[in-house]
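Values in this text are rule-based calculations from the coordinates and carry no lab data. These numbers were taken from a predicted model, which means no experiment stands behind them. Cβ placement follows ideal geometry from the backbone for every residue including glycine, while neighbour counts extend to all protein chains displayed.
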Amino acid sequence: MRISIAADKCMGHGRCYSVAGDVLSDDEEGFVAERGRTLEVPEGLAAQAEEAADACPEGAITILDA
Ligand code: SF4
């Protein structure tokens with residue numbers, strides 16, 4: 001699975017890395033550190049990635065392929 005995180009939509013709510021700490025991390029300002037990137041979700045962490053996408057109030061996280 002790959003996910004992409006839209007840098008222009010991320011407002012730094014922090015919900016994504018709170019529920020998916022094995023996939024995403026925060027930067028020093030509270031934004032998701034991986035914003036603006038497309039990343040491959042490690043094997044076994046797809047459920048966390050989906051939770052992160054569901055948790056983001058800005059819809060910044062898109063699941064590209066499941
Ligand atoms: S939950 Fe959404 S808005 Fe908040 S840090 Fe994560 S990607 Fe950004």
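Annotation for the chain: trypsin sites (Lys or Arg not before Pro) lying in DSSP loop with at most 14 further Cβ atoms inside 10 Å of their Cβ are Lys9, Arg37. Placing a label point 7 Å from the Cα of Asp22 along the Cα-to-Cβ direction, the residues of the stretch 37-63 whose backbone N falls under 11 Å from that point are 42-49. Given +1 at the Cβ of Lys and Arg, -1 at the Cβ of Asp and Glu and no other charges, the dipole of the chain around its Cα centre is 160 debye to the nearest 20. Toward the positive end of the charge dipole of the chain, with +1 on the Cβ of Lys and Arg and -1 on the Cβ of Asp and Glu, the farthest Cα among Ala46, Ser18, Ile5 is that of Ile5.
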